Amino acid sequence: MIAALLACYPALLVAALWPAPVLFGAVAAASYLVEYAAPRAARPLPELLAKVHLGVTLRFAARETMALLLVARTTGAELPWFAALAAGMLAIHAVRALHTGLALRLRQMLSRMPVTTRNLDVSALRIPRMPPGPLRDAGSVPFLYLDALPVLGAVLGAVPATLGAAVALTAGLAGALALIPYVRRARPLTDRARVLDVVGEQVEKYGPEVILYFSGATAAAYQARMWLPTLERMRRRAIVVLRERGMARHLECTGLPMVCIPSSADLMSFRALAGAKLCLYVANVGRNVHMLRIPTLRSAFLNHGDSDKEASFNPFSRVYDEVWVAGPAGRDRYRRAKVGVRDENIHEVGRPQLQGISTEGPGLPYRTVLYAPTWEGWNDDLFHTSLITMGPRIVRALLDHQPPLRVIYKPHPLTGHRDKSATRAHRKIVAMIEAAELAKSKARHPSRPAGAAPHIRHLVVAGPVPHLYDCFNECDLLISDISSVVADFLASEKPYAVTNVAGLPERAFHERYPSTEAGVLLGGDLSGLAEFLDGEDTLARARVKLRSYLFGPEYPDAMARFDAAVERVFSGG
């Protein structure tokens with residue numbers, strides 16, 4: 001794509017010097033099409049070209065210069081029309097600069113709002129609606145394409161090109177001026193005190209009792225997302241407090257009020273939250289300290305999964321008043337780890353999210369295997385992923401299995417965040433699954449005979465939909481790594497296998513990772529995979545027993561236990 005884009009410009013130069021107006025017009029039209037398509041076909045392309053000083057503005061200016069050269073060669077540079085065309089070309093960029101300044105000013109004013117909200121009535125702020133997409137583009141790239149009028153007009157001569165420049169200039173100026181009302185309406189939003197007061201009044205009116213606090217990268221939004229349905233079902237009024245702008249749009253649709261307060265000073269002085277008694281944390285991040293400094297709030301660490309990973313017994317957990325775990329297994333992890341979390345501060349509250357996970361398979365005429373590897377972790381001590389060393393071989397074995405299996409592949413949202421080899425392995429797996437789908441579709445006869453085996457459609461789940469638990473319900477077997485996926489899958493009571501990436505002896509592996517005791521162990525050479533896929537299921541009773549150990553008793557249900565834990569805080573227990 002880069003070659004096609006850059007090749008247009010020497011061709012334009014040759015056509016202008018020749019001169020060959022028709023050829024110039026054809027190449028110029030093609031260059032616009034490639035320019036438009038290139039960033040969409042290859043996302044890093046604009047950044048790559050900008051690094052070598054071939055950014056989009058330079059490319060458009062080069063095309064305009066060649067259009068001027070064509071006019072000079074065909075009609076002469078002495079005519080007044082040529083000077084008017086050159087001035088018009090320059091004025092188009094001046095108008096673009098005006099628009100860019102206004103768009104940046106609008107973005108700056110909106111980004112300086114001390115607090116943004118969702119599901120709260122802040123109509124008193126009179127936040128203006130955003131302008132149409134082309135107008136709010138701070139790079140003003142759509143305005144560059146206006147030069148197509150004079151550039152293509154140059155094929156017909158100086159007069160049509162100049163008229164095209166006039167039309168482009170008029171359209172660009174109208175677009176730039178259209179931003180002014182938006183900028184004027186956004187100006188009151190820079191009044192920090194007023195914005196905080198208006199939002200604070202609405203939060204106080206809602207009267208939140210429980211806070212779910214979250215800070216982190218957008219790729220980690222799933223950590224908060226998994227708890228939203230539970231908070232919606234809770235008896236106490238809950239509010240979500242975020243720290244990163246734009247995070248709310250990465251959380252699934254919820255009716256819970258949300259406030260995003262980037263500034264630590266604003267957060268700690270935001271008195272509208274003073275009525276809440278409990279703050280729930282789902283991740284151990286540095287910005288938690290700003291909320292932890294509020295003395296009237298009791299803090300409880302929920303975590304974003306109940307697993308045997310080191311994150312489930314992190315020493316940082318000592319900073320919270322309480323640590324909430326799913327069942328006895330969570331309590332025992334902290335006991336064994338001896339990281340300073342007092343046993344009396346650990347409370348077993350179940351996993352309310354797991355309601356809705358079926359113990360039945362999809363009931364298809366073939367079996368479905370879900371491969372859901374974890375990510376590579378923040379450091380080598382947390383490296384549990386099978387994706388890099390085993391992933392492609394596991395998927396290859398599943399695709400080649402007889403009788404045929406359906407494969408669902410759902411990688412962790414943070415895959416490749418630290419180690420790019422995980423990204424490469426992920427892409428290899430996706431390519432394998434896509435190739436298998438393509439081969440089957442080609443081999444399949446249009447009119448399938450009666451009684452023939454149904455066509456199996458594999459699935460790659462690269463985003464939040466379908467949800468992990470929906471994938472549980474769509475599979476008969478799970479292959480995963482040391483992670484909360486294994487623990488949560490036990491709610492289904494279906495067979496599962498866990499990869500032994502570190503190559504530990506089987507006994508040591510099960511002792512270190514208790515959630516694997518009722519599963520089949522897969523070695524680095526894929527030993528155990530054939531038995532898992534084709535052998536007899538002898539671990540059904542062990543899975544039921546382990547489920548109780550991980551999640552606590554079946555009665556009362558997890559939601560009732562979670563509610564009881566919340567009420568205990570409010571009653572002072």
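Each reported figure results from applying straightforward, stated rules to the coordinates on display, with no laboratory input. No experiment lies behind these values; they were computed from the predicted model shown. Cβ coordinates were reconstructed from backbone atoms using ideal geometry, including for glycine residues, and neighbour counts include every protein chain displayed.
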Handout entry: Extension gain (nm, one decimal) between Leu177 and Asn284, 0.36 nm per residue minus Cα-Cα
Key = 33.8 nm
Fill in the blank from the handout: With label points set 7 Å from each Cα along the Cα-to-Cβ direction at Asp537 and Ala7, the distance between them in nm comes to 5.7 nm
Exercise for the section: Please determine, in degrees from 0 to 90 and to the nearest 10, the orientation of helix 21-41 with respect to the longest principal axis defined by the Cα atoms of the chain, where the helix direction is its Cα long axis. Expected result: 20 degrees
Problem - At R0 = 51 Å, FRET efficiency that the Cβ-Cβ distance of Met268 and Ala435 yields, to 0.05 - result: 0.40
Completion exercise
Note: probe point = Cα of Arg424 + 7 Å toward Cβ; backbone nitrogen < 17 Å; residues of segment 360-398 passing the test are 376, 386-393
Practice task
Would you mind checking which residues have amide H under 5 Å from Lys494's amide H? H placed 1.01 Å from N; only 5 or more apart, or other chain.
Solution key: none
Practice task
Evaluate the distance, in nm, between pseudo-label points positioned 7 Å from the Cα of Ala29 and of Gln402 along their respective Cα→Cβ axes.
Solution key: 5.5 nm
Handout entry: FRET efficiency, 1/(1 + (r/R0)^6) with R0 22 Å, evaluated for Arg249 and Met130 via beta carbons
Key = 0.95
Handout entry: Using θ = phi - 60° and Karplus 6.51 cos²θ - 1.76 cosθ + 1.60, couplings along segment 221-236 (whole Hz; Gly, Pro as x)
Key = 4, 4, 5, 8, 4, 5, 9, 4, x, 5, 5, 5, 8, 5, 6, 7
Problem - Computed over segment 207-354, Kirkwood Rh from alpha-carbon pairs, angstrom - result: 15.6 Å
Exercise for the section: Using only Cα atoms, find the angle between the long axis of helix 558-570 and the longest principal axis of the chain, and express it within 0 to 90 degrees, rounded to the nearest 10. Expected result: 90 degrees
Problem - Spherically averaged projected area of segment 53-92 from its Cα convex hull (nm²) - result: 2.9 nm²
Exercise for the section: With everything on Cα atoms, drop me the angle between helix 192-206 and the longest principal axis of the chain, reported from 0 to 90° to the nearest 10. Expected result: 40 degrees
Practice task
Can you check how the C-alpha radius of gyration of the chain compares to 2.2 N^0.38 Å, as a plain ratio?
Solution key: 1.23
Fill in the blank from the handout: Between the modelled labels at Glu201 and Trp378 (7 Å from Cα along Cα→Cβ) the distance in nm is 4.1 nm
Problem - Net length gained if the chain between Arg185 and Ala560 were fully extended (0.36 nm per residue, minus Cα distance) - result: 130.2 nm
Practice task
Enumerate by residue number the trypsin sites (Lys or Arg not before Pro) in segment 92-132 meeting two conditions: DSSP loop (anything except H, G, I, E, B), and at most 13 other Cβ atoms within 10 Å of the site's Cβ.
Solution key: Arg112, Arg126, Arg129
Completion exercise
Which residues qualify? For Arg287, with a placed amide H closer than 5 Å and at least 5 residues away or on another chain, they are none
